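Novice: Input: one structure, supplied below.
The values are calculated or read from the model by the stated rules, or taken from the named source; none is laboratory data. Being a predicted model, the structure only gives us computed values, none of them experimental. Neighbour counts are summed over all protein chains in view; Cβ atoms, including those assigned to glycine, are modelled from backbone coordinates with ideal geometry.
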Amino acid sequence: MGRAPQPRGGSTMKRVVVIGGGLAGIAAALDCAAADAQVTLVEVRPRLGGAAYSFERDGLWLDNGQHVFLRCCDAYRALLDRLGSAGDTVLQDRLELPVLAPGRPAAWLRRTGLPAPLHLAGSLLRYRHLSPAERIAVVRAAAALGRVDPDDPAADGRSFGDWLKERGQSPAAVEAVWELIGRPTLNLSARDASLAAAAFVFRVGLLERADAGDIGYARAPLQRIHGDAALVALQSAGVEVRLSWRATAIEHHDGHFTVAGASDRLDADAVVAAVPHERAAGLLPSGAIPDPDSLVRLGNSPIVNLHVCYDRRVFEHEFAAVVSSPVQYVFDRTDSAGLEHGQCLAVSLSAADEEADMPADELRRRFGEALAELLPAARGARIERFVVTREHMATFRAAPGARALRPGARTAVEGLALAGAWTDTGWPATMEGAVRSGHAAARVALAALGRERVEVLV
């Protein structure tokens, strides 16, 4: 067992308001409460969980998106332990990723017991979706990418796609290797993504530690794992949670704060703004960050998920990546959805600029045909339900130059901290980045209150 954070400093209860009930706000609120602050968390939605949530549709529980994590996501995994919901997730013992293509046998990306980066070399050299020459070129490019510094502003200013082209990566290699990993984590295509952001993803997830890329995923609805579990944990920690409460402004006066709402006002000694970047720009008091318009310039990248329920089983894997198809990733969500007959598949589409505005009927036609081409068993099956979820502003755009636009947790106003996967955590817009940002924001808020957060010892 570990030792919970203990307060240091004076014994007077200090008041912290956390705006936003996503993973960043949850982590920040728990940290502040553990340091003996009086915490109120406000969330505009009627639930906690932020962008990683579930909804009920015609008796089925569907996640808004397929949010996987990796073994290297230490902060997120620790938060699940803290919420008591880690048991509702699965983490591979060793990376195994089937990669499907229409009309071809599955290829596999598997790690061996060799140290990084050799743990993937054998798998790449046998990768059937590329020619022998393309495989060798990929291994060479991976070695070069491991030497790119993710903190180098010059690397952040370059396109990952341009860098790959300079290193002789064919279009097939870009699709079958680099975008296979980069697109779902960066939520951008290689041509649109920052080289520095891509270098971070591949170094931390695959190249530096052999077990870092082992894949984890939820086996229960995300609302149960995140939102419901967090509500219990927060209330047990003494946090006041106010749902359906919209913050309209953060006011700063005489060293104290007031968070204005539609019909209420909350006084605070410190504030954590854990909201999407486009909302933060309108909430912050004047002078909090040098250039509020920089948050708007971060932009957004959409994610679309398709929930396809068949009258029979058509997919033999728990999940798979897909190449040479409009399908990107497929997950079997039958048990999580609560479907008793047939099979429920979730098709996850990252960087889905085209699909985000496509009518549902067109999506059904296009992806119904694509799944039938990909999965032989789907050709004679009937699609009984087809549900589309669209997150038009799912993540910020990790485009060249984005790193310079991402603010840190600390603002120019003492006691006011920023949190969210869009802040400068070094990570892309992932659940891990969100949780890390919450911890960073809590440290800023507690320091302003004269408190020092003591880390949990596991």
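Novice: For segment 56-107, which positions are closer than 26 Å to Ala172 by Cβ, over 20 Å from the mean Cα position of the chain (by Cα) and in a loop (DSSP other than H, G, I, E, B)?
Specialist: Within segment 56-107, Pro102, Gly103 meet the criteria.
Novice: Something else: Going through segment 337-393 one residue at a time, which ones are crowded, with 18+ Cβ neighbours inside 10 Å and among the aromatic types (Phe, Trp, Tyr)?
Specialist: Residue satisfying the conditions is Phe367 alone.
Novice: Can you name the residue in segment 279-328 that is of a type in the set (Ser, Thr, Tyr) and surrounded by fewer than 21 Cβ atoms within 10 Å (Cβ to Cβ) and, of all such residues, is farthest from Ala399 (Cα to Cα)? It would help to see each step written out before you state the result.
Specialist: The initial filter retains those residues of segment 279-328 that are of a type in the set (Ser, Thr, Tyr), namely 286, 294, 301, 310, 324-325.
When the remaining residues are screened for being surrounded by fewer than 21 Cβ atoms within 10 Å (Cβ to Cβ), the result is 286, 294, 324-325.
Working: Ser286: 27, Ser294: 13, Ser324: 24, Ser325: 24 Å.
Among them, the one singled out is Ser286.
Novice: Any idea how many residues of segment 84-98 are surrounded by 20 or more Cβ atoms within 10 Å (Cβ to Cβ) and either acidic (Asp, Glu) or under 25 Å from Thr395 (Cα atoms) (or both)?
Specialist: Result for segment 84-98: 2.
Novice: Follow-up. List the pairs whose first member sits in segment 151-168 and is assigned by TED's automatic domain parsing to the domain that holds Arg183 and within 19 Å of Ser189 (Cβ to Cβ), whose second member is loosely packed, with under 15 Cβ neighbours inside 10 Å and among the acidic types (Asp, Glu), and whose Cβ atoms are under 9 Å apart, counting only residues at least 6 apart or on separate chains?
Specialist: Sorted first by the residue in segment 151-168, then by its partner, the pairs are Ala155/Asp149.
Novice: Do any helices (runs of 4 or more DSSP H) entirely within segment 119-189 hold 1 or more residues that are buried (at least 19 other Cβ atoms within 10 Å of the Cβ), and if so, which?
Specialist: 132-145, 153-156, 160-166, 179-186
Novice: Take Asp31 and decide whether it is assigned to a loop (DSSP other than H, G, I, E, B), touching a residue at least 24 places away in the same chain (Cβ under 8 Å) and closer than 17 Å to His439 by Cα.
Specialist: Considered against the rule, which asks whether it is assigned to a loop (DSSP other than H, G, I, E, B), touching a residue at least 24 places away in the same chain (Cβ under 8 Å) and closer than 17 Å to His439 by Cα, Asp31 comes out as no.
Novice: Hey, another quick one. Give the residues of segment 116-172 that are in contact with a helix residue (DSSP H, G or I) (Cβ under 7 Å, 6 or more places away or on another chain), hydroxyl-bearing (Ser, Thr, Tyr) and closer than 20 Å to Ala106 by Cα, sorted by residue number.
Specialist: Passing the criteria: only Tyr127.
Novice: Have a look at Ser348, Ser324 and point out the one that is polar (S, T, N, Q), outside the structural domain of Arg191 (by TED's automatic domain parsing) and not in a loop (DSSP other than H, G, I, E, B).
Specialist: Values: Ser324 fails: not in a loop (DSSP other than H, G, I, E, B).
So the residue among Ser348, Ser324 that is polar (S, T, N, Q), outside the structural domain of Arg191 (by TED's automatic domain parsing) and not in a loop (DSSP other than H, G, I, E, B) is Ser348.
Novice: Out of Gly113, Gly59, Gly9, I need the residue that is modelled with pLDDT under 95, in contact with a Lys or Arg (Cβ under 7 Å, 6 or more places away or on another chain) and surrounded by fewer than 22 Cβ atoms within 10 Å (Cβ to Cβ). Which one?
Specialist: Just one listed residue meets the conditions, Gly9.
Novice: From the list Ala421, Ala398, Ala429, exactly one residue is part of a loop (DSSP other than H, G, I, E, B), over 29 Å from Ala268 (Cα atoms) and small (Gly, Ala, Ser). Which is it?
Specialist: Checking each option against the conditions leaves just Ala398.
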